[in-house]
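The values are calculated or read from the model by the stated rules, or taken from the named source; none is laboratory data. All of these numbers come straight from a predicted model, not from anything done at the bench. Virtual Cβ from ideal backbone geometry, glycine too; neighbours counted across all protein chains shown. The protein model used for the area step is the full one, side chains on, heavy atoms only, and it has no ligands, DNA or RNA in it. Shrake-Rupley method; radii C 1.70, N 1.55, O 1.52, S 1.80 Å.
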Amino acid sequence: MRESPLVRALAASLALVPLSAAAISDDEVNRALQFSFSNPGARSLALGGAFTGLADDATAAYANPAGLTILRSPEMGLELRHTGFDTPFVSGGEVVNNPFSSAGVGEDAESDSVTQASFASFVYPFERATLAVYYHRTGDFDGQLDAAPIEFVDANGNFFDQYPAARGSISYQIENLGLAVGYKLSDVFSVGAAIAYSDFSIDSITERDDPPITVQRQSGNDDDLIFSFGALWSITPKLNLGLAYRSGGDFSYAASNELLITPFGELEFTPGFKVPHVLSLGLAYRPSDAWLISFDVNQIEYSRLSDNLVTVFNGALPPLSIDDGTEIRLGVEYALLEMNTPLFLRAGVWRDPDHRLAFDASAPSNCALNFDLCAAAALYPRGDDETHFSIGIGWAFEKFQLDFAADLSDLVDTYSASGVVRF
């Protein structure tokens with residue numbers, strides 16, 4: 001069997017001491033991790049996730065704890081979500097050498113889905129303060145890849161090297177159990193804070209070539225304490241301004257890369273998974289009793305995931321990173337208040353910025369002189385921003401409320417059902 005550059009790189013690494021890092025690795029299954037920083041609850045989902053300036057139900061415990069002061073009776077909330085993922089990856093095709101071009105590299109995608117109870121809370125108000133305990137599943141992703149080998153050819157189309165086929169799967173979950181409090185400083189201004197125990201787990205495997213010549217694994221559990229702060233200002237009876245900051249946890253886990261052909265060997269290291277921090281600014285405007293318009297701008301610190309990236313192959317770290325992103329979210333609600341049981345119609349739109357692990361340098365012109373850099377440029381292209389469209393409906397009864405929503409895009413579709421019971 002022909003020895004690929006990937007095998008040579010790993011074999012040269014076996015003499016190195018175990019590696020450690022504070023970020024994810026360049027394992028293929030980490031190329032396109034899916035996140036959703038939409039606020040919990042079907043109502044929020046239907047509004048395109050624009051909820052920071054509204055924050056007027058039990059999900060405020062996570063979205064903006066200052067909004068808890070709006071609630072004046074004890075209540076319990078529960079949400080179920082189903083999310084379907086199409087995870088893209090490069091697969092097959094050709095890289096042309098001297099000058100470098102990856103235009104001939106193909107792309108494929110694998111589909112997967114998860115269905116879980118994603119949020120639950122209990123809220124209890126006092127005179128000026130409101131307390132809440134909550135559970136929120138902020139990360140829940142299953143993904144797969146089955147990539148064909150990529151051929152490297154010269155300008156005349158003659159083969160000179162190959163990046164082997166890769167098969168893999170990854171699953172990760174992040175669950176938060178938290179305590180939140182909102183406090184009304186005045187009739188028009190409230191603040192809030194929350195602290196949560198965050199539990200992280202990951203499990204993945206990647207095999208290269210058939211039969212496999214290398215096997216990479218990621219597995220482990222870790223926990224951290226995370227926090228959030230919020231403020232809510234009723235500028236006028238019809239206009240609210242909200243501000244929220246949510247920290248992400250820092251987690252570590254075990255990973256390895258095993259060479260299955262001579263010389264046999266294994267690298268072990270400890271990557272890190274640093275969940276992005278989120279800063280959100282939101283407006284909620286009610287032009288009439290029937291209409292609501294909500295608008296959020298969220299800054300997502302995705303770069304935390306790739307800061308101090310580690311390579312699983314050797315000491316030559318490829319120039320890969322994830323850019324920070326800005327989400328723009330807009331939602332509209334119309335209430336049919338003349339009905340005995342008010343009915344709410346909702347719709348929203350938002351932009352999910354590209355957050356793939358991507359090559360962030362210029363590829364060398366001659367791949368024969370720097371194959372690893374050319375391979376990284378071909379394997380980690382930048383993706384496109386995703387536009388999401390959402391719709392939903394809700395019914396408000398005397399003691400409880402039911403909401404349903406769908407959030408749809410090219411790569412991720414989410415369906416939600418949630419309910420609130422008031423005592």
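For this structure, a couple of remarks:
- The stretch 177-275, dipole about Cα centre (Lys/Arg Cβ +1, Asp/Glu Cβ -1), debye to the nearest 20: 840
- For the stretch 42-117 versus the stretch 370-402, the inter-centroid distance based on Cα atoms is 5 Å.
- Dividing the helix sum by the residues of the chain, where each DSSP H run of 4 or more adds -39500 (n - 2.57), gives a mean residue ellipticity at 222 nm of -1500 deg cm²/dmol.
- Globularity ratio of the stretch 184-273, using Cα Rg and 2.2 N^0.38 Å: 1.90
- Based on the convex hull around the alpha carbon atoms, the stretch 62-123 presents an average projected area of 7.6 nm².
- Farthest toward positive dipole pole in the chain [+1 Lys/Arg, -1 Asp/Glu at C-beta], among V133, A368, Q299: V133
- Only Lys, Arg (+1) and Asp, Glu (-1) charged, at Cβ; the chain dipole about Cα centre in debye: 1500
- Residue-span extension gain [I328 to E127] - 0.36 nm each, minus C-alpha spacing: 68.8 nm
- Proximal lysines relative to K184, as straight alpha-carbon distance under 20 Å, when same-chain residues fewer than 8 apart are discounted: K238
- Per residue, the chain exposes 41 Å² of accessible surface when a 1.4 Å probe is rolled over the protein heavy atoms with every protein chain present.
- Alpha carbon Rg of the stretch 224-348, scaled by the compact-globule rule 2.2 N^0.38 Å: 1.68
- For the stretch 292-423, convex hull of alpha carbons as volume per residue, Å³: 142
- Pairs of Cα atoms farther than 32 Å apart, the chain, %: 41
- Placing +1 on each Lys and Arg Cβ and -1 on each Asp and Glu Cβ, with no other charges, gives the stretch 101-232 a dipole about its Cα centre of roughly 820 debye.
- Were the residues from S111 through F227 laid out at 0.36 nm apart, the gain over their Cα-Cα distance would be 38.5 nm.
- The stretch 291-375: relative contact order as a whole-number percent, Cα under 8 Å and 6+ apart: 30
- Given charges at Cβ of Lys, Arg, Asp, Glu: the stretch 21-172 dipole, positive-most of A50, P164, A147: A50
- Counting only residues at least eight positions apart within a chain, or on another chain, the aspartates and glutamates with an alpha carbon under 20 Å from that of K399 are D56, D57, E75, E79, E338.
- Computed in the context of the full set of protein chains, the accessible area of the stretch 57-102 at 1.4 Å probe radius has 61% of its extent on carbon or sulfur.
- Rg/Rh for the stretch 230-303 stands at 1.41; both radii use Cα atoms, and Rh follows the Kirkwood definition.
- In percent, rounded to a whole number, the relative contact order of the chain is 21, using alpha-carbon pairs under 8 Å and six or more apart.
- Ranked by the mean number of other Cβ atoms within 10 Å per residue, highest first, peptides 200-209, 130-139, 279-288 order as 130-139, 200-209, 279-288.
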